[in-house]
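To start, the structure under review is shown below, and the notes come after it.
The values are calculated or read from the model by the stated rules, or taken from the named source; none is laboratory data. Predicted model only: the values in this text are computed from it and were never measured. We place every Cβ from the backbone using ideal geometry, glycine too, and count neighbours over all the protein chains shown. Note: accessible area is taken over every heavy atom of the protein model, side chains too, but ligands, DNA and RNA are not part of it. Shrake-Rupley method; radii C 1.70, N 1.55, O 1.52, S 1.80 Å.
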Amino acid sequence: MFAFRLAQDLKMTVQQLCESMTSEEFTYWMAYYHHRNLEVERQVNETKKR
């Protein structure tokens, strides 16, 4: 499912994404989104505590 999300965000089809990106870069994108989501969750939890 991540490939579809990234393709959507980059305004590409999944096929275009797979043809234009190495698996290494794809892995880095996954890590970036994971860390970004953790930060958003942290901010939400901080807001709830207030």
Subject >> Assigned charges on the beta-carbon of Lys, Arg, Asp, Glu; the chain dipole about Cα centre (debye) >> reply: 440 debye
**OP:** Give the accessible surface of the chain per residue, rounded to a whole number of Å², with probe radius 1.4 Å and ligands, DNA and RNA excluded.
**Re:** 89 Å²
**OP:** Grab the Cα-Cα distance for Val44 and Ala3, subtract it from 0.36 nm times how many residues apart they are, and report the gain in nm with one decimal.
**Re:** 12.2 nm
**OP:** DSSP loop (so not H, G, I, E, B), at most 12 other Cβ within 10 Å: list which trypsin sites (Lys or Arg not before Pro) in region 1-48 pass both filters.
**Re:** Lys11
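First compute the accessible area of the chain with a 1.4 Å probe, then give the percent of it belonging to carbon and sulfur atoms.
Ligands and nucleic acids excluded, carbon and sulfur give 56 percent.
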Subject >> Dipole of the chain [Lys/Arg +1, Asp/Glu -1 at C-beta], most positive-end residue of His35, Ser23, Ala3 >> reply: His35
Subject >> Nearest-ten-degree value, helix 23-49 long axis tilted from longest Cα axis of the chain >> reply: 20 degrees
Original post:
Please report, for the Cα atoms of the chain, the Rg to one decimal and the Dmax as a whole number; what are they, in angstrom?
Top reply: 14.1, 46
**OP:** Kindly report, to the nearest 10 Å², the accessible surface of Met30 as traced by a 1.4 Å probe over protein heavy atoms only.
**Re:** 90 Å²
Subject >> Accessible-area ranking of Val44, Val14, largest first, probe 1.4 Å >> reply: Val44, Val14
